[in-house]
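Trainee: Input: one structure, supplied below.
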Amino acid sequence: MTAVRETSEAAGIEYVIGDVVEEADVIRSIWEEIARASLVLVDLTVFNANVSLKLGIAHTLGKKLLIVGQDNTIKYLFPSIQKLRVHQYDVTCLKQSLGTSIRQHLISRAQTRYTLL
């Protein structure tokens, strides 16, 4: 997600993807990166087992979340997850729609580090 990286770096935010680390134990690496994060961004557009696991870890650790998804994502989620606030973005103008959500969320909370799921 280049738009997420560019938007976060422009705001002076450290951008980390929890499962793209050289640690042998990937789940431990994901847990540690989420634990270090002050905010976790979760993109539910491709809601699969990995995203579910990472969202569950973030909830378990009580992390602040920015949950995003493309246009109609919410229609395909489990009912319990549909209750969460999902910021929708338009893939045709990704930097503008997603970038605005990220920028507003991060700047309003003065975060210094977040993890992308």
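Every number in this text was worked out from the coordinates using simple rules, so none of it is lab data. Since we're looking at a predicted model, the values are computed, not measured. Here Cβ is always computed from backbone atoms with ideal geometry, including for glycine, and neighbour counts include all displayed protein chains.
Trainee: Could you give the nm distance between label points at GLN82 and SER52, where each point is 7 Å from its Cα heading toward the beta carbon?
Mentor: Using points 7 Å along Cα→Cβ, the separation is 1.7 nm.
Trainee: Still on this structure: How would you rank 39-52, 75-88, highest first, on the average number of other Cβ atoms within 10 Å across their residues?
Mentor: On the way: 39-52: 16.9, 75-88: 12.1.
Taking the mean over residues of other Cβ atoms within 10 Å, the ranking is 39-52, 75-88.
Trainee: May I ask you to derive the FRET efficiency for GLU9 and THR92 from their Cβ-Cβ distance with R0 = 30 Å, giving the value to the nearest 0.05?
Mentor: Working from the Cβ atoms, E equals 0.85.
Trainee: Could you order the peptides 59-65, 97-103 from most to least packed, using the average number of other C-beta atoms within 10 Å per residue?
Mentor: Result, highest mean Cβ count within 10 Å first: 97-103, 59-65.
Trainee: If amide H atoms are built 1.01 Å from N in the plane of the peptide, which residues on other chains or at least 5 residues away come under 5 Å of the amide H of LEU66?
Mentor: VAL40, LEU41, VAL42
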